[in-house]
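Peer 1: Pasting a structure here, questions to come.
The values are calculated or read from the model by the stated rules, or taken from the named source; none is laboratory data. Nothing here was measured: the structure is a model prediction, and the numbers come from that model. As a convention, Cβ positions derive from the backbone with ideal geometry for all residues, glycine included, and neighbour counts pool all protein chains shown.
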Amino acid sequence: MFFEGSEKKVEVTVTEHAPNLRSLGHDFWTDIVEHSRAEIISSSHNDACDAYVLSESSLFVWDRRFLMITCGETTLVDGVLRFLQEISASNIALVRYQRKNEYRPRLQPSSFEDDIARLHQVLPGKAFRVGYLDSHYYNIFHTAHPYQAHPDDTVCELLMYHICGPVADYLKQQGQTREGVRERLQLHKLFEGYQLDDHVFEPVGYSLNAIRGPFYATLHVTPQTTNSYVSFETNNPSDAENNHILSRLLELLQPVSWNVMGFNCQPVMPERPNMMRLGANEWTLDCGYRVLYHHYQQSDQCDVYSFDL
């Protein structure tokens, strides 16, 4: 059984002249999600944020910004273009679109080049690629509007490949439960004070949304042995909290390799036995984000089977 866990992600910030995005309502966001070839499964809300668990990852909506993450064979750019039909491009302050390279790109309905060609028709911008072309890499596009991100506007990401150990073995089994996943991943300790909303997929797979005020955290697990992929990200600016979560996830899931990406944050990897840092990039985007991208690998690998990238 194959499922593409590698994700596409878009973050859209609107100007003060645009309508309040949370006021657009559930039906509006259902339409955006459906244009991306996904469905809303459940939702959670607080005074600052609306969070939706999707059939393929997550959607978060604030007053002036939304973040949508999709995996599988989704068409996230279709959802973005549908949004722009309702909210004029003149109301856009920034669009940042990211796309991880896939295990089986030939199954995708579009490539990153296709996506940005369509975005360029309505939103001029710049595109970048970071990582290894013969392994894991990330594509990034951002609009060319005169926008400068605030230094406190942060995102911290951890992407893990080929997970191992007893927790990974449980996640790969059919018949897992929400309570079983939460207990093994110690989620109530990792996300203390957050409101949790999660879903266990059939036959395997797991998604979590967590919100606390304006802060979100999300965890997505594609546990298949041949192409296991786990992603975590948060906009919490606390380096101490983020470093603790990254350390515990690495300890619990024991990935063979992983990437850390930060936008205006500096996650610190704890020293681990047999850990090697194979690459590091740091640069600043014109839109004001200081970007960090590091790639790590374990020198003693568990038994895994991987497709050619």
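Peer 1: What are the residue pairs meeting all of these: first residue in the range 20-33, first residue surrounded by fewer than 11 Cβ atoms within 10 Å (Cβ to Cβ), second residue at pLDDT 95 or above, Cβ atoms under 9 Å, and 6 or more apart or on different chains?
Peer 2: Ser23/Asp63
Peer 1: Consider Arg99 against the criteria (1) under 20 Å from Glu7 (Cβ atoms); (2) part of a helix (DSSP H, G or I); (3) touching a strand residue (DSSP E or B) at 6+ places or on another chain (Cβ under 9 Å): it satisfies all of them except one. Which criterion is unmet?
Peer 2: (2)
Peer 1: Right, something else. Output the residue which, of all residues in the range 87-119 that are at pLDDT 95 or above and acidic (Asp, Glu), is surrounded by the fewest Cβ atoms within 10 Å (Cβ to Cβ).
Peer 2: So, considering only residues that are at pLDDT 95 or above and acidic (Asp, Glu), the one surrounded by the fewest Cβ atoms within 10 Å (Cβ to Cβ) is Glu113.
Peer 1: Could you pull out the residue among Phe66, Phe60, Phe3 that is part of a loop (DSSP other than H, G, I, E, B), aromatic (Phe, Trp, Tyr) and either touching a Gly at 6+ places or on another chain (Cβ under 7 Å) or under 30 Å from Ser228 (Cβ atoms) (or both)?
Peer 2: Only one candidate qualifies: Phe3.
Peer 1: So, Glu202, is that one under 23 Å from Thr70 (Cβ atoms), out of contact with any strand residue (DSSP E or B) (no Cβ under 7 Å at 6 or more places or on another chain), surrounded by fewer than 19 Cβ atoms within 10 Å (Cβ to Cβ) and without any contact (Cβ under 8 Å) to a residue 40 or more places away in the chain or not?
Peer 2: yes
Peer 1: Quickly run through the range 138-173 and pick out the residues that are out of contact with any Lys or Arg (no Cβ under 7 Å at 6 or more places or on another chain), among the aliphatic types (A, V, I, L, M) and farther than 19 Å from Cys71 by Cβ.
Peer 2: Ala149, the sole residue that qualifies.
Peer 1: Can you name the residue in the range 219-277 that is polar (S, T, N, Q), touching a residue at least 60 places away in the same chain (Cβ under 8 Å) and assigned to a helix (DSSP H, G or I) and, of all such residues, is farthest from Lys172 (Cα to Cα)? It would help to see each step written out before you state the result.
Peer 2: The first filter runs over the range 219-277 and keeps only residues polar (S, T, N, Q), leaving 222, 224-228, 231, 234-236, 238, 242-243, 247, 254, 257, 259, 264, 266, 274.
From the residues that got through so far, the ones that are touching a residue at least 60 places away in the same chain (Cβ under 8 Å) too are 222, 224-228, 231, 234-236, 242, 254, 257, 259, 264.
Still in the list and also assigned to a helix (DSSP H, G or I): 225-227, 242.
Numbers: Thr225: 7, Thr226: 11, Asn227: 11, Asn242: 26 Å.
Going through the qualifying residues, I end up with Asn242.
Peer 1: What residue, among those in the range 282-300 that are more than 16 Å from Cys156 (Cβ to Cβ) and loosely packed, with under 15 Cβ neighbours inside 10 Å, is modelled with the lowest pLDDT?
Peer 2: Out of the qualifying residues, it is Asp300.
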